[in-house]
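Okay, structure first, notes after.
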């Protein structure tokens, strides 16, 4: 029994060790860029590879960089957080509604087939979502959705202004919402199944309507799984690359001023700029891209820590 337990512990330790190894690799590889960029890397919105055809300059601290090189990622941080938050804002109420409908309203014989259809959405490759966004959603955004939103919400500055191309923050948020929707829905369906039937029946016995039972009894009972679903969805949205790259508009050195503005996320920018960065003979551009990966990893860890604290507080209040 002891060797089996020891082997399980060793296998379980592989996951945190792999995460630590990845983090250590990124830090070591990007360390020259961290030294060169300093804190302005996070808060500057100017990204420039500099003059790659002139002889690079050697600084007093020994770092060799192209002339005029400057790396700032504030634009990409804003794009990542804004698109992910918008995706959750759109997907969360829909996911909760779909999960409630499939769990409480659909006839029993149809629940499994419909739930499997929802799960199939999670199996669609991200590039397919991106292609759908390019060919269908972006033209619809430019011709239909943006003008309609402008008429309804034009008094709000962030919704004012025309969509210049259909590619931008709202399009990326909608594509991401569709991609994270199966994660939220599937997690909540399983959580609703685990809620004791007696809890529902006791709520009805006290005179609650079905809507009151759902709002006051069922949803509070799945708060912990709901937080878990949100974190899983947020992790998917933060790290999504190809679909966002195809529909976001690829903004560079440009902060969004409206919900239709083009953006660029950290993951998408790494993918789009890697080929150009490899042309830098000093390697500083590639190491700066690795530093973006460090920032993205740190953001993901912070999100998970906040989720852990929230779940502990909810569990403590229940106790």
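Using only Cα atoms and rounding to the nearest 10 degrees, what angle (0 to 90) does helix 2-37 make with the longest principal axis of the chain? Tilt relative to the chain: about 40 degrees. Each Cα pair of the range 90-155 feeds into the Kirkwood radius, which the Stokes-Einstein equation turns, at 37 °C and 0.692 mPa s, into a diffusion coefficient of 225 µm²/s.
Summarising the label geometry, the points placed 7 Å from Cα in the beta-carbon direction at residue 59 and residue 28 lie 2.2 nm from one another. Here the sum of -39500 (n - 2.57) over DSSP H runs of 4 or more residues, divided by the residues of the chain, equals -21000 deg cm²/dmol at 222 nm, to the nearest 500.
Which order do peptides 125-135, 13-23, 244-254 fall in by mean Cβ count within 10 Å, highest first?
Values: 125-135: 16.5, 13-23: 10.9, 244-254: 22.7.
Result, highest mean first: 244-254, 125-135, 13-23.
Dividing the mean sequence gap of close Cα pairs (under 8 Å, 6+ apart) by how many residues the chain holds gives a relative contact order of 26 percent.
Computed with the Debye formula from one identical point scatterer per Cα of the range 123-211, without solvent, the log10 of I(q)/I(0) at q = 0.12, 0.14, 0.26 Å⁻¹ comes to -0.61, -0.69, -1.24. The range 232-250 and the range 101-135 have Cα centres spaced 19 Å apart. The protection proxy used here, the mean number of other Cβ atoms lying within 10 Å of each residue, ranks peptides 258-270, 150-162 as follows, highest first: 258-270, 150-162. Ellipsoid semi-axes for the chain, based on the Cα gyration tensor and the rule √(5λ), read 41, 28, 17 Å when sorted largest first.
When Rg and the Kirkwood radius Rh are both evaluated on Cα atoms of the range 63-178, their ratio Rg/Rh stands at 1.11.
Judged by the mean number of other Cβ atoms found within 10 Å, the most tightly packed of the peptides 222-232, 200-210, 37-47 leads the ranking 222-232, 37-47, 200-210. Pairs of Cα atoms nearer than 8 Å and 6+ residues apart set the relative contact order; for the range 1-104 it is 21 percent. How far is the Cα center of the range 143-211 from the Cα center of the range 1-33, in Å? Between the Cα centre of the range 143-211 and that of the range 1-33, the gap is 37 Å. The angle separating the long axis of helix 74-100 from the principal Cα axis of greatest extent in the chain is about 10 degrees.
List 80, 171, 6 from most exposed to least, where exposure is judged by having the fewest other Cβ atoms within 10 Å. Write down the numbers at each step before the final one.
Working: 80 27, 171 31, 6 10.
Taking fewest neighbouring Cβ atoms as first place, the list is 6, 80, 171.
Which shape class applies to the range 251-319: rounded if a/c is under 1.5, otherwise prolate when a/b exceeds b/c and oblate if not, where a ≥ b ≥ c are the square roots of the Cα gyration tensor eigenvalues? In terms of gyration-tensor shape, oblate. Residues of the range 220-258 falling in the label zone of residue 45, defined by backbone nitrogen less than 11 Å from a point 7 Å along Cα to beta-carbon, are 252-258.
Three principal axis extents describe the C-alpha atoms of the range 1-77; from largest down they are 65, 28, 21 Å.
For the range 248-319, what relative contact order do you get, as a whole percent, if you take Cα pairs closer than 8 Å and at least 6 residues apart?
20
Evaluate 2.2 N^0.38 Å with N set to the residue count of the range 132-287, then give the Cα radius of gyration divided by it. If you can, show how the numbers build up before the last one.
Working: Rg = 21.3 Å, N = 156, 2.2 N^0.38 = 15.0 Å.
In units of the globular-protein estimate, the range 132-287 measures up at 1.42.
For the chain, the longest principal axis of the Cα atoms and the long axis of helix 108-121 meet at an angle of about 0 degrees.
Rule-based calculations on the coordinates, nothing more; no lab input. Remember, predicted model here, so these are calculated numbers, not experimental data. Note that each Cβ is placed from the backbone with ideal geometry, even for glycine, and that neighbours are counted across all protein chains shown.
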